[in-house]
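The values are calculated or read from the model by the stated rules, or taken from the named source; none is laboratory data. Keep in mind it's a predicted model, so treat the numbers as computed, not measured. Reconstructed Cβ throughout: ideal geometry from the backbone, glycine too, with neighbour counts over all protein chains shown.
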Amino acid sequence: MRIALIGYGRMGKTVERLARDQGHTISKIMDIDDNPVGSGFWGDWVENTDVLIDFSLAAAVPANVRNALDARLPIVVGATGWYAHIEQLRQEVESQG
């Protein structure tokens, strides 16, 4: 599986290590300098990615989910503190199928 990581703190680094140990490929690592507060992510790496894993900041999660929707990529969010937005994001995801 080709994985893009959003957030490269302790958890992002752990996911990277475990993914590589299991034979997965890391297609992109985005940290605050690459993706300030969910500003967007695009490039050739999107076409070479199967899933996004987000351990970024709570403030960035809603934009990251929307960017994943736009890119038609599944996203797994491990970040905490963003749950006030979950119902709105759920509706947006469901409306896009």
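Check the range 69-85 and report whether any residue there is at pLDDT 90 or above, part of a loop (DSSP other than H, G, I, E, B), over 13 Å from residue 3 (Cα atoms) and aromatic (Phe, Trp, Tyr).
yes
Determine, yes or no, whether residue 13 is among the charged types (D, E, K, R), at pLDDT 90 or above and either touching a helix residue (DSSP H, G or I) at 6+ places or on another chain (Cβ under 6 Å) or not in a helix (DSSP H, G or I) (or both).
Spelling it out, it is not the case that residue 13 is among the charged types (D, E, K, R), at pLDDT 90 or above and either touching a helix residue (DSSP H, G or I) at 6+ places or on another chain (Cβ under 6 Å) or not in a helix (DSSP H, G or I) (or both).
Please specify each residue of the range 69-97 satisfying the condition of being under 20 Å from residue 11 (Cα atoms) and either among the hydrophobic types (A, V, I, L, M, F, W, C) or in contact (Cβ under 8 Å) with a residue 40 or more places away in the chain (or both).
Correct list: 75, 76, 77, 78, 79, 82.
Given the structure, is residue 72 loosely packed, with under 12 Cβ neighbours inside 10 Å and under 14 Å from the mean Cα position of the chain (by Cα)?
yes
What tally of residues in the range 16-38 results from selecting those that are exposed (fewer than 12 other Cβ atoms within 10 Å of the Cβ) and either among the β-branched types (Val, Ile, Thr) or at pLDDT 95 or above (or both)?
Total satisfying the criteria: 5.
Inside the range 39-56, can you point out the residues that are at pLDDT 90 or above, in contact with a helix residue (DSSP H, G or I) (Cβ under 7 Å, 6 or more places away or on another chain) and either loosely packed, with under 13 Cβ neighbours inside 10 Å or not polar (S, T, N, Q) (or both)?
52, 53, 54, 55
Across the range 51-64, what is the total count of residues that are in contact (Cβ under 8 Å) with a residue 24 or more places away in the chain, touching a Phe, Trp or Tyr at 6+ places or on another chain (Cβ under 9 Å) and either over 12 Å from residue 5 (Cβ atoms) or of a type in the set (A, V, I, L, M, F, W, C) (or both)?
Residues meeting the conditions: 7.
What is the number of the single condition among (1) polar (S, T, N, Q); (2) surrounded by 15 or more Cβ atoms within 10 Å (Cβ to Cβ); (3) farther than 21 Å from residue 10 by Cα that residue 64 does not meet?
The single condition residue 64 does not satisfy is (3).
Quick grid of which residues meet (1) touching a Lys or Arg at 6+ places or on another chain (Cβ under 9 Å); (2) among the small types (Gly, Ala, Ser):
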| site | (1), (2) |
| --- | --- |
| 56 | no, yes |
| 63 | no, yes |
| 66 | no, no |
| 72 | no, no |
| 77 | no, no |
| 84 | no, yes |
| 87 | no, no |
| 92 | yes, no |
